[in-house]
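Contents: one structure, followed by commentary.
The values are calculated or read from the model by the stated rules, or taken from the named source; none is laboratory data. Because the structure is predicted, anything quoted here is derived from the model rather than measured. Neighbour counts are summed over all protein chains in view; Cβ atoms, including those assigned to glycine, are modelled from backbone coordinates with ideal geometry.
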Amino acid sequence: MYQTRYHPERMRIGIVCYPTVGGSGVVATEMAHALAHRGHEVHLLSYDRPSRLRRGVPGLRFHQVAVSAYPLFRYPPYDLALATRMLEVREEANVELFHVHYAIPHAVSAFLARSMCGGKCLKFVTTLHGTDITVVGADRAYLRPTRFALEQSDAVTAVSKFLADETHLVFGVKKDVEVVHNFVDVDRFKPNGRKPWRERPDQERVLVHASNFRPVKRVADIVRAFAAIRKELPAKLVLIGDGPDREHAMAVASDLGCQHKVEHLGMQENLENLLPQADLFLSASETESFGLSMLEAMSCGVPCVSTAVGGVAEVIGDTGKLVPFAQPDAMAKAALAILADEAGHEQLANAARRRAVEQFATERIVAEYEKIYRRVLG
Ligand code: GMT
């Protein structure tokens, strides 16, 4: 549990995010914890309590955004309710700066809140996470207001260089998009001294995948790769999370005759207890601007095999393997090469942990955001 420190330049910061299990909500919530721990006053705004939000953290308050559904509204106006809540929190707590995670519609709500209070009383920083740019943002219905709100942000950051480049490409924004990578709590996500497989009676390799099982994650490709791996080595696949593609993935496992070796754990809160038990993390995403669960796996000393998409290379570097998208056989081959070589696997596991600690530790990344806040607040 965090101990709050005294911060000589204490800021009052509002953080806005989606409460769902997606990475942007996790990053925003962990930032709120870390900023409060560093001595800032933090106000977290979301339409539900984010799953990772801890209770009783000194300096951190949660504000729910209530969205009323009148019969007239087919789509309740969340963006308006959020702008109003931001303004209220600004007035009640004198919040100086809002940091909105995921541009749509959070950046637009921030702009509205700022306009409602006279255009100067509130600064906002927008962090882009992924589909807010690569998929949803490019939809014509959202493109223009999102581009406008990015231009109006006091600073814009993206979680990878890939995403920053995409933002310029898709939106044609002239504004500087600063790259601030995601981070991981390396004291919480750490190796557990798991036995190497040659010392395990069944020698079974454990493969893991964690996601929200949306189509973009291509979980069925993970199952296909796993079925090919199992033909060569004793192995089991642990699937963590839930979402629209779960049933399809399990049906593919049945078709391929490996369902008895696929364990679906559903949503889990304590990933830090599960990830270290794995030998390899698999990701088959079609696009992934960062890949937060891969970073959490790396921090636990678990190497990753992933499709070579988006910003994944920036995260795993040379501590894992990248394979072409939609080629489960190539994924199986890369995984087998790692899993068949105990010494090589250990080297990768150590390198993954080292990379997470040296480049993506919470303190280092949160300090980068603090610098941006100070600059914006002048
Ligand atoms: O963009 C999304 O799909 C949702 C978003 C989220 O809220 O989870 O995920 C993105 O943000 C994460 C945190 O920065 C990244 O780790 C994910 O790579 C990214 N997802 C995609 O790019 C598909």
### Task
Please go through the range 13-64 and pick out each residue that is farther than 27 Å from Cys121 by Cβ, assigned to a helix (DSSP H, G or I) and among the polar types (S, T, N, Q).
none
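Is it the case, given these coordinates, that Arg55 is out of contact with any Phe, Trp or Tyr (no Cβ under 7 Å at 6 or more places or on another chain), surrounded by fewer than 23 Cβ atoms within 10 Å (Cβ to Cβ) and free of Cβ contacts under 8 Å to residues at least 24 places away in the same chain?
Details: out of contact with any Phe, Trp or Tyr (no Cβ under 7 Å at 6 or more places or on another chain): yes; surrounded by fewer than 23 Cβ atoms within 10 Å (Cβ to Cβ): yes; free of Cβ contacts under 8 Å to residues at least 24 places away in the same chain: yes.
Answer is yes for this residue.
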### Task
With the condition kept exactly as written, say whether any residue in the range 279-287 is away from the ligand (no atom under 16 Å from the Cβ) and at pLDDT 95 or above.
yes
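Restricting attention to the range 58-76, which residues are over 29 Å from Gly241 (Cβ atoms) and surrounded by 10 or more Cβ atoms within 10 Å (Cβ to Cβ)? Outline the logic, then answer.
Taking the range 58-76 as the starting set, the residues that turn out to be over 29 Å from Gly241 (Cβ atoms) are 58-59, 68, 70-74.
Selection gives Pro58, Gly59, Phe73.
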### Message
Being charged (D, E, K, R) and touching a Phe, Trp or Tyr at 6+ places or on another chain (Cβ under 9 Å): is that true of Asp154 here?
### Response
yes
### Task
Select from the range 104-124 the residues that are of a type in the set (A, V, I, L, M, F, W, C), assigned to a loop (DSSP other than H, G, I, E, B) and closer than 20 Å to Pro76 by Cβ and list them in ascending order.
Ile104
### Query
Can you name the residue in the range 125-141 that is surrounded by fewer than 24 Cβ atoms within 10 Å (Cβ to Cβ) and in a helix (DSSP H, G or I) and, of all such residues, is nearest to the ligand (Cβ to nearest atom)?
Thr131
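Determine which member of the set Ala69, Ala36, Ala32 is within 16 Å of the ligand (Cβ to nearest atom) and either farther than 20 Å from Asp185 by Cβ or not polar (S, T, N, Q) (or both). It would help to see each step written out before you state the result.
Numbers: Ala69 fails: within 16 Å of the ligand (Cβ to nearest atom); Ala36 fails: within 16 Å of the ligand (Cβ to nearest atom).
It is Ala32.
Can you go through Phe213, Phe226, Phe290 and tell me which one is buried (at least 18 other Cβ atoms within 10 Å of the Cβ), more than 20 Å from Gly320 (Cα to Cα) and not assigned by TED's automatic domain parsing to the domain that holds Ser24?
Details: Phe226 fails: more than 20 Å from Gly320 (Cα to Cα); Phe290 fails: more than 20 Å from Gly320 (Cα to Cα).
Answer to the selection: Phe213.
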#### Entry: Extreme residue, farthest from the ligand (Cβ to nearest atom), among residues of the range 142-197 that are touching a residue at least 40 places away in the same chain (Cβ under 8 Å) and part of a strand (DSSP E or B)
Ala155
